[in-house]
Every structure is written in structure tokens, then in C-alpha cells.
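Presented below is the structure to which this report refers.
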Amino acid sequence: MRRGSVLVPEGVQEETVVPMTTDGLGAWSRTPVLSLRQVTRRYRRVEALDAVDLDVHAREVVALVGDNGAGKSTLARVVAGVEQPDAGFVEMDGAPVTISSPGAAHALGIATVFQDPALCDNLSVVANLFLGRELRVRPGGPLDEERMVREARQILDDLTTGITSVHRTVNELSNGQRQAITIARAMITRPRVVVLDEPTAALSVVQTAEVLQLVTRLREMGLGVVLISHDLADVLAVADRVEVLRHGRNNGSFDAASSSQEEIVAAITGAPGARGRAFR
Ligand SMILES: Nc1ncnc2c1ncn2[C@@H]1O[C@H](COP(=O)(O)OP(=O)(O)OP(=O)(O)O)[C@@H](O)[C@H]1O
Ligand SMILES: [Mg+2]
């Protein structure tokens, strides 16, 4: 059966079908929630991103790996609307979008947690979550403390952060809990895609495990997640797919369940002949 340009498998109710396409291998795949198409970003003579493609589906963790300077944070900034591509474009649900500002990214449902995010140590958890986006009883009116506390509680519980009081000041929290707060803060805008730039970089083993658990939770909640990380063991523990950038270019796509660290390292370092297996 065919519905528009979409093939509907026999026996499937039409109204339950979400748009699907077939990839080159004939496998069924959903339309990605976020795609980069040939995105290029230059800084003077440096091509930080050179015709990069990336697909992220709902309920999928895509790890983005690569050596220092490979272009990972540049990609995060483009998707966050902090920088504009010099060429190429971004799609949401298969339709081209312009992410002209961080506000535009939020409106499109994209949230980004940057490397070294700043928290206000002397403020409470709830104040940090809503910093710059405080809820008010009415426009220009007093802060709606009650609603902010309720929503903060809800988000922390949904993420199963284990943070019991939203009134604690952030300087009482562990580094892992602080990272949880930055992720929870990204959830305030109810995004569909979350980009996390090195969320485990400064964490102990236990705290790293806690943050990776949060990443898994984001997937369970139906989000598309881009996890930027240097740590391949972490990446393989939670990602569905691993995308390698090298010198600003795509250099391999790996199915996390069936790929080894050695294969991915070879793609990161550019060992001769190293390429990810076709996985899309
Ligand atoms: N604002 C900027 N001005 C000039 N060059 C920049 C700028 N930002 C990044 N670059 C360059 O672009 C390239 C990609 O940098 P980017 O920070 O995206 O890499 P990365 O993969 O995030 O690296 P790391 O793992 O060290 O965080 C590098 O060569 C970097 O020096
Ligand atoms: Mg970076």
C-alpha cells in the first residue's frame, strides 16, 4: 500500500504510520528529527566543518567523536544557532530550517549543553534551571516561584537525577549532580533533540556513570541525543550509532552494538583504509 510517497507495510493501520523512508540498503528507517546536510563552517582558512552530514532520530543516541579540533563543538554551535553554516543546511523532520539564533534553536526544539557550562554556585537548583527564563505570574509581573519549583521537580524526577531538593544551592552538589542540572536546564524548553558537548569530561567514574544513565533516560523519553565525547568506552556503553569527524569531515559511521573501539579509533586517527561500515 502506498500513502503519498510513503510505502505502508501490509497489515499496518494507515493512521499509525509515521513518515518512513527506505535507505539505500532497503531497510526501514524513520525520518530523522534532525539532519545536517553538507554543512560547512570556515574560520578564516580553517574548515572547521567541511560538508558534514549527520542524522539523528527520535529515541536514538548518536555519539559524535573525533580528535581535538575535529569540529565537534563547531557542529554543536551551528545546531544551537550560535553560528551559521557557510554552506549546507539543517533539516528538522526532513524540512529545511534556518537556526538564526539560540532562541530559534529552542523554538525548533533543539537544546544544547556546551562544554564548560556555567552554573551560578550561590543560587538554588531551581534558580539555576530557570536562569534567564524565569516564569512569571503574568508578563512583567512577579516570579511564579511555585510553578518553577513544580516544573523543576518534575524535570528532575523525569530524568531520575536523584536530586531531592530543588532549594539546595548548587555549590552543595557533586560535579555529577551539577552536570545533571545543566542537562535538566536544557529540558526546560521541552526539546526534541539534545546536544551534549563532552558532558562527562571532568567527572569521576561514578559520576560519569550517572550522567550516562541520564543520557539513556533522555532516549527513553523519546528524544534524539547527540553525545559528543572523547571517551569511546562511554560512547559504546550508551550510543546506538557512532559518527566520526576528522579534520571537519565525516570519516565513518559505526553501529555501536557491533563495532569495536579499535575500528573507531582507526577512523578517528585516519588509519589507512579505515571507514565505518555503511549503517544509515
Ligand atoms: N572561533 C574560532 N575561531 C577560529 N578558529 C576556530 C574557532 N572555533 C574553532 N576553531 C577551529 O575550528 C576547528 C574545530 O574546532 P572545534 O572546537 O569545533 O573542535 P572539537 O572537535 O570540538 O575539539 P575538542 O575535542 O578540542 O573540543 C579547530 O581547528 C579550531 O581551532
Ligand atoms: Mg570541543
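The values are calculated or read from the model by the stated rules, or taken from the named source; none is laboratory data. Owing to the predicted nature of the structure, the values given are computational and were not obtained by experimental measurement. Heads up, the Cβs are rebuilt from the backbone with ideal geometry, glycines too, and the neighbour counts pull from every protein chain shown.
Just checking, does segment 195-217 include any residue being among the basic types (Lys, Arg), closer than 22 Å to Leu34 by Cβ and surrounded by fewer than 20 Cβ atoms within 10 Å (Cβ to Cβ)? Looking for residues that are among the basic types (Lys, Arg), closer than 22 Å to Leu34 by Cβ and surrounded by fewer than 20 Cβ atoms within 10 Å (Cβ to Cβ), one finds at least one in segment 195-217, hence yes.
For segment 187-222, which positions are in a loop (DSSP other than H, G, I, E, B) and not basic (Lys, Arg)? Give the steps one after another, and end with the answer.
Let us first name the residues in segment 187-222 that are in a loop (DSSP other than H, G, I, E, B), namely 188-192, 198-204, 221-222.
Once the filter is applied, which keeps residues that are in a loop (DSSP other than H, G, I, E, B) and not basic (Lys, Arg), segment 187-222 yields Ile188, Thr189, Pro191, Glu198, Pro199, Thr200, Ala201, Ala202, Leu203, Ser204, Met221, Gly222.
Of all the listed residues (Ala104, Ala180, Ala184), the sole one being free of Cβ contacts under 8 Å to residues at least 40 places away in the same chain, in a helix (DSSP H, G or I) and buried (at least 16 other Cβ atoms within 10 Å of the Cβ) is Ala180. Tell me yes or no: at least one residue of segment 75-95 is basic (Lys, Arg), in a strand (DSSP E or B) and within 16 Å of ligand 2 (Cβ to nearest atom). Within segment 75-95, not a single residue is basic (Lys, Arg), in a strand (DSSP E or B) and within 16 Å of ligand 2 (Cβ to nearest atom). Among the numbered conditions (1) of a type in the set (Ser, Thr, Tyr); (2) away from ligand 1 (no atom under 16 Å from the Cβ); (3) modelled with pLDDT of 95 or more, the only one that Thr112 does not meet is (2). When segment 51-74 is limited to residues that are over 20 Å from Gly222 (Cα atoms) and assigned to a strand (DSSP E or B), the one that is nearest to ligand 1 (Cβ to nearest atom) turns out to be Val65.
Selection of segment 225-277 for residues being part of a helix (DSSP H, G or I) and under 17 Å from the mean Cα position of the chain (by Cα) yields Leu232, Asp234, Val235, Leu236, Ala237, Val238, Ala256. Within segment 121-144, is even one residue part of a loop (DSSP other than H, G, I, E, B), within 16 Å of ligand 2 (Cβ to nearest atom) and under 14 Å from Met187 (Cβ atoms)? Within segment 121-144, not a single residue is part of a loop (DSSP other than H, G, I, E, B), within 16 Å of ligand 2 (Cβ to nearest atom) and under 14 Å from Met187 (Cβ atoms).
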